[in-house]
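Input: a single structure, listed below in C-alpha cells.
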Amino acid sequence: MRAYPRIRFMGSKYRLAPRLAEVFASLPPGPAIDAFSGSGVVAYTLKASGREVLANDMLVFTSTLAEALVANADEQLTDADVARICSPSRDGRDFIASTFDGLYFPPSDHAFLDSAWSHIDELEGAKRALALSALCLAAAQKQPRGVFTVTTPRYDDGRRQLRMSLQELFVEAVGRCNAAVIPGRARARCGDVFDVNEPAAVAYLDPPYAPPRDDTCYVKRYHFLEGLATYWRGQEIMWETRTRKLAKRHTPFASKRTAPDALDRLFDHFRAADALVVSYGSNAAISGDELEALIGRHRRSVERIELEHRYAFGTHATAQRRAATEYVFVGR
Ligand SMILES: C[S@@+](CC[C@H](N)C(=O)[O-])C[C@H]1O[C@@H](n2cnc3c(N)ncnc32)[C@H](O)[C@@H]1O
C-alpha cells in the first residue's frame, strides 16, 4: 500500500488504508467495488489484498489515476517514453500557456504542460493514463495545499517541490507511478455511482461528506487537474472566473439537503453486495447515528468503527482543529 503515490486529495484514505485493509480482510472473499475511488488508494489496497476490483469516480482525473495505478497490471513508462514527453512540442500548441497566463505556474511550466500534452496525445491506454497521472501529481505537488482555488501562493511552506520545475516533478512522479504498478485483476470507470451495476462481495462507499454549511465541491478545488487530464476538451470553462474554474458538477451527496435521500438510494443500489463498508466524517451534517440508521434500513446488521483521523488537508496550525473521527460502518 505504501507504494501508492500520495496525492493531496480531500477525503483521501491514504493514512487509514491499513485499517481499512483489516476490515476488508474480515469480509467474505470475492470482487470489490470502490464506488467513489478519488485518489485510488483504497481500490489499490483492495487489489493488493488479492481481490478483483472495480474503481469508479465521476471525475476524469481521479479515474485516470485509477486507470494508471489500479487497473494497470503491467505497463510502465520507459526512459524513452519520458524523454519523448519532455522533448520540444510536436505542434507548438499553447492552450494552457494562453489560458492560464499569470495564474498558478510560471510560463515555463505552462509551456512544458502544453508540449508534454502534444506527445501524450500520441499515447494510448495505460501509458497515456500513467503520463497524465504523473502530470497531475506534479501539478498538485507544486500548488500550495494541492488545491486550485487560489492563484497565488498564500504561503510557501518551504517544500522543495515549490522550487522545482513541473518537468522535474513530472519525471519524479513517473518513477513513483511506475513503482506502484502491481499485477492483479482490476478495472477503472469514470461515471456516476448509480450507473455502476455489477455484482460484488464488498462495496466500499466513500461519498463526499455533506458539510453543515455550503457544499463539498471537488471541481472547485481540483478544476485544473480535471482540465489537465483532458486538455480541457469537453470541459466547460467559466471564463468570467479569475481562476478559470470549470463549471460545477452536481452530485446529490455534497449538500445536506439532498444527501440523506442520495445515501438511502446508494445503500439500496448496492443491496446485492455481501457487505457494505461505508466511510463518513464525524464533522459532517449527517450524524453517525443517522447514518447507522440509514444503512440499517438495507442491512441485517451494522457495525460502527470509529477511527481517529487528522485530515491531511489542514495546515500545521489548523491540523489540530481538523482532527476528527472517521466513521467506518460495516453493513452485512
Ligand atoms: C471522499 S472522496 C473519496 C476519497 C477516496 N476514498 C480516497 O481515498 O481518495 C469522494 C469522491 O466521490 C466522487 N463523487 C462524488 N459524487 C459522485 C457520484 N455521484 N458518482 C461517482 N463519484 C462521485 C468525487 O469525485 C470524489 O473523488
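For this structure, a couple of remarks:
- Selected from GLY296, GLY125, GLY191 as most flexible by GNM, with the chain as the system and alpha-carbon contacts under 10 Å: GLY125
- Cβ-defined net charge surrounding ALA126, 9 Å radius [Lys, Arg +1; Asp, Glu -1]: -2
- Alpha carbon convex hull of segment 111-240, projected area averaged over orientations, nm²: 11.4
- Dipole in debye (nearest 20) - segment 1-145, about Cα centre, beta carbon charges: Lys, Arg +1; Asp, Glu -1: 760
- Amide H contacts of LEU54: ALA32, ILE33, ASP34, ARG187, each under 5 Å away and 5 or more positions distant or on a separate chain (H built 1.01 Å from N in the peptide plane; Pro and chain starts excluded).
- FRET efficiency, 1/(1 + (r/R0)^6) with R0 35 Å, evaluated for ALA3 and PHE95 via beta carbons: 0.55
- Cα-centred dipole magnitude for the chain, charges only on beta-carbon of K, R (+1) and D, E (-1), debye, nearest 20: 780
- Karplus-based coupling profile of segment 237-252, in residue order and whole Hz: 7, 8, 5, 6, 7, 5, 8, 6, 5, 8, 4, 5, 10, 5, 9, x, with θ = phi - 60° in 6.51 cos²θ - 1.76 cosθ + 1.60 and x standing for Gly or Pro.
- Diffusion coefficient, µm² s⁻¹, Stokes-Einstein with Kirkwood Rh over alpha-carbon pairs of the chain at 4 °C and 1.567 mPa s: 63
- If you take all other residues with their beta carbon under 14 Å from the beta carbon of LYS220, and give Lys and Arg +1 and Asp and Glu -1, the sum is +3.
- Kirkwood radius for segment 175-332, taken over all pairs of different Cα atoms as the inverse mean of 1/r, rounds to 18.0 Å.
- What segment 13-153 shows is 34 Å² of accessible area per residue, with the surface traced by a 1.4 Å probe over protein heavy atoms.
- Under 25 Å between alpha carbons - lysine pairs in the chain that sit 8 or more apart or on different chains: 15
- Amide H contacts of LEU205: VAL277, VAL278, SER279, each under 5 Å away and 5 or more positions distant or on a separate chain (H built 1.01 Å from N in the peptide plane; Pro and chain starts excluded).
- Accessible carbon and sulfur surface of segment 1-53 relative to its total accessible area, %, 1.4 Å: 56
- Distance cut-off 23 Å, percentage of C-alpha pairs in segment 49-181 lying past it: 35
The values are calculated or read from the model by the stated rules, or taken from the named source; none is laboratory data. These numbers were taken from a predicted model, which means no experiment stands behind them. Here the Cβ is made from the backbone with ideal geometry for all residues, glycine too, and neighbour counts use every protein chain on show. Remember, those area values only see protein heavy atoms, side chains included, never the ligands or the DNA or RNA. Shrake-Rupley method; radii C 1.70, N 1.55, O 1.52, S 1.80 Å.
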